[in-house]
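First the structure, in the form of structure tokens, and then the observations on it.
Every read-out reported here was derived from the displayed coordinates using simple, explicitly stated rules and does not represent laboratory data. What you see is a predicted model; the values in this text were computed from it and never measured. With ideal geometry, Cβ positions are generated from the backbone for all residues, glycine too; neighbour counts draw on all protein chains shown.
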Amino acid sequence: MQKTLLLFCSIISFIANTQTNHTIYSKTYGQSGNPAILFIHGGPRGNSTLFEGTTAQKLAEKGFYVIVYDRRGEGRSIDNTATFTYQEAIKDLIELYKNYNIKKATIIAHSFGGLVGTLFTEQNPEKVNSLILAGALFSQQETYDHILKTTKENYTEKKDNLMLSKISEIEKLPKNSAEYRKQCYEIASQNNYFKMPFPTKEANQIRENYELSEFGKNNIRNDNAPILFYKNESKNNIDTKPILKNLKKQVKLFAIYGQEDGVFSEKQLNDIKKIVNKQNFKIIENCSHYLFVDQQQIFINTIAKWLK
């Protein structure tokens, strides 16, 4: 009887904390009266399962009301009619604010989510207390150029003519195409640009727990998302630095990046540091693209310090 009651309470808690707008998956962690944090995941093709399954609850325990969601057509928000445009994503974010009765929130924007979060904040600055760029994209072509330049150097040193030829073929692809983006990131992944260089025991345990959890099992990827994004979205290769420079007059800007995140050049990190200002910028050592897993405690403590 007691087990049945506990199960019933768990189900009620899940229903109470999960809102559905059409096909949008979302869930909250923490008390609704606490300062709101909205996490925007990477992609297009991604989901928020990694952040939700590893970090959302721990961040909530620091005194925040954490909201996670999967963008329309991505992850658990299955929708065959999704267009994958920025305006669609922005419209859904506004509905998410309404669903949870939020007037203002801090946005943590990861990877491609950095572009979504920046454009949302540009159009709705009154809804954003702070924008935190966490391993977030902000100058796409610079990232692609950096990936191809550094991998070319790696393969030149190894005298790997086959891979050098592969890079030459990538460089010939249209810069505003899904295939160009895909191949740039594939070659970055082959060179471990997204991996923590020296995994700690804690990071390995977090990853292992995630893979074995329901979140890991629901790590749904929509391979059509990038294709449709490039088909339907004209702003498919942008530089948001000018937008961010203007935004700092209206909202608080922060940036946190991994020292070994291979998709960003030193110049890019210096550029974003100048935009947000030194005191609002953090580089984490022995950390790559998924900094909330690679160095979770440092990530959480930094966010809490900034927002408190």
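Hey, among Tyr65, Tyr100, which residue is more than 14 Å from Leu244 (Cα to Cα) and either without any contact (Cβ under 8 Å) to a residue 60 or more places away in the chain or of a type in the set (Lys, Arg) (or both)? Walk me through it before giving the result.
Values: Tyr100 fails: either without any contact (Cβ under 8 Å) to a residue 60 or more places away in the chain or of a type in the set (Lys, Arg) (or both).
The conditions single out Tyr65.
Which of the numbered conditions does Leu173 fail, given that it passes all the others? Conditions: (1) surrounded by 17 or more Cβ atoms within 10 Å (Cβ to Cβ); (2) hydrophobic (A, V, I, L, M, F, W, C); (3) farther than 24 Å from Leu59 by Cβ.
The single condition Leu173 does not satisfy is (1).
Within region 147-163, count every residue that is crowded, with 18+ Cβ neighbours inside 10 Å and either closer than 20 Å to Val276 by Cβ or hydroxyl-bearing (Ser, Thr, Tyr) (or both).
Count: 2.
So is Lys282 among the charged types (D, E, K, R), crowded, with 18+ Cβ neighbours inside 10 Å, within 19 Å of the chain's Cα centre (by Cα) and outside any helix (DSSP H, G or I) or not? Give the derivation first.
Working: among the charged types (D, E, K, R): yes; crowded, with 18+ Cβ neighbours inside 10 Å: yes; within 19 Å of the chain's Cα centre (by Cα): yes; outside any helix (DSSP H, G or I): yes.
Considered against the rule, which asks whether it is among the charged types (D, E, K, R), crowded, with 18+ Cβ neighbours inside 10 Å, within 19 Å of the chain's Cα centre (by Cα) and outside any helix (DSSP H, G or I), Lys282 comes out as yes.
Which of (1) in contact with a helix residue (DSSP H, G or I) (Cβ under 8 Å, 6 or more places away or on another chain); (2) free of Cβ contacts under 8 Å to residues at least 60 places away in the same chain; (3) farther than 17 Å from Arg181 by Cβ does Glu157 not meet, given it meets every other one?
Only one criterion is unmet by Glu157, namely (1).
Can you tell me which residue in region 36-69 is surrounded by the fewest Cβ atoms within 10 Å (Cβ to Cβ), limited to those that are aromatic (Phe, Trp, Tyr) and assigned to a strand (DSSP E or B)? Please lay out each step first, then the result.
Here is the first cut: in region 36-69, the residues aromatic (Phe, Trp, Tyr) are 39, 51, 64-65, 69.
Right, trim to assigned to a strand (DSSP E or B) and you get 39, 65, 69.
On the way: Phe39: 25, Tyr65: 20, Tyr69: 28.
Here the answer is Tyr65.
From the list Glu88, Glu122, Glu95, pick out the single residue that is in contact (Cβ under 8 Å) with a residue 12 or more places away in the chain and either touching a Cys at 6+ places or on another chain (Cβ under 8 Å) or closer than 25 Å to Val276 by Cα (or both). Spell out how you get there, then give the answer.
Details: Glu88 fails: either touching a Cys at 6+ places or on another chain (Cβ under 8 Å) or closer than 25 Å to Val276 by Cα (or both); Glu95 fails: either touching a Cys at 6+ places or on another chain (Cβ under 8 Å) or closer than 25 Å to Val276 by Cα (or both).
Answer to the selection: Glu122.
Here is a list: Phe51, Phe84. Which entry is in contact with a Phe, Trp or Tyr (Cβ under 9 Å, 6 or more places away or on another chain), at positive phi and among the aromatic types (Phe, Trp, Tyr)? Break it down into steps so the answer makes sense when it comes.
Numbers: Phe51 fails: at positive phi.
Exactly one residue qualifies, and that residue is Phe84.
Would you pick out the residues in region 172-202 that are in contact (Cβ under 8 Å) with a residue 40 or more places away in the chain, assigned to a helix (DSSP H, G or I) and farther than 16 Å from Leu137 by Cβ?
Ile187, Glu202
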